[in-house]
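The numbers here are math on the coordinates, done by the rules we state, and not lab data. The structure displayed is predicted, hence computed values, not measured ones. No Cβ is skipped: glycine too gets one built from the backbone with ideal geometry, and neighbour counts run over all protein chains shown.
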């Protein structure tokens, strides 16, 4: 059974969690509504790589059912709203987690909140740039004298998954820094296994890219390899700062008892001399 103060703390934490989840949902709804209002330019921006790639073969995107235009609009607006709300959602996550961290942990994790949102958007931008060459490479295998009639729903859903996968793949530095902050990995371990990590990154890039050509896979993997190497430098800076802080704390911890002992050893103020009254007997 929980004690009364523990029950109160649990209820307050759950109330705060509910409030932050509701705010995160509001962010998603607001940005989804904005994408809905600005749907035409957003739709043109998302489908531009596909339309340009199909233009070489005279292909088109087509709808299969009369319900597809509405469903596609819902999908694009929802994914766009979530992507636009990612920085604000990370802020709410930080606001909920930060009170439970120590001062050192907060200082180590605080820069990761905006960095995570920036890296996610960088991954989405990278995926967008790779969409056109990937589709062109796949369309090279089309037989001559054929016309490409691609289904709108299936292909756009594949592209959106491609964007989200790249955004999550670019979270690798955040994961490594968090593991280093809690002591699971260190810079020496990351340096020792950089070859294995590079192979794993190339495997992940081959999985998340829609094509299997080595050119596209290499372009997708190189930024993540660079981020991995940059993370090693960040982890080394964190370790150096942690050692400096520990040395300062140890110095402060040793100086305080010394000061206390000096204060105890120091002589106190002299007591005033007592003046005895003169004796009546001479």
Quiz item: Ranking 106, 195 by Cβ neighbours within 10 Å, fewest first, what do you get?
Solution: 195, 106
Exercise. Would you please classify the overall shape of region 1-158 from the alpha carbon gyration tensor, given that a ≥ b ≥ c denote the square roots of the eigenvalues, rounded means a/c under 1.5, and beyond that prolate means a/b larger than b/c while oblate covers the rest?
Key: prolate
Quiz item: Can you give me the relative contact order of region 1-161 as a percent, contacts being Cα pairs under 8 Å and 6 or more apart?
Solution: 38 percent
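Output the relative contact order of region 171-249, whole-number percent, from Cα pairs under 8 angstrom with separation of 6+ residues.
Worked out over region 171-249, it gives 41 percent.
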Practice problem: Evaluate the distance, in nm, between pseudo-label points positioned 7 Å from the Cα of residue 192 and of residue 218 along their respective Cα→Cβ axes. | Solution: 3.1 nm
Self-check item: Sorted by Cβ density within 10 Å, fewest first, the residues 38, 77
Solution: 38, 77
Practice problem: Using the number of other C-beta atoms within 10 angstrom as an exposure proxy, rank 31, 88 with the fewest first. | Solution: 88, 31
Practice problem: Please report, largest first and rounded to whole Å, the three semi-axes of the ellipsoid equivalent to region 89-213, where each semi-axis is the square root of five times an eigenvalue of the C-alpha gyration tensor. | Solution: 38, 19, 9
Exercise. In whole Å, largest first, what are the principal axis extents of the Cα atoms in region 171-249?
Key: 54, 20, 17
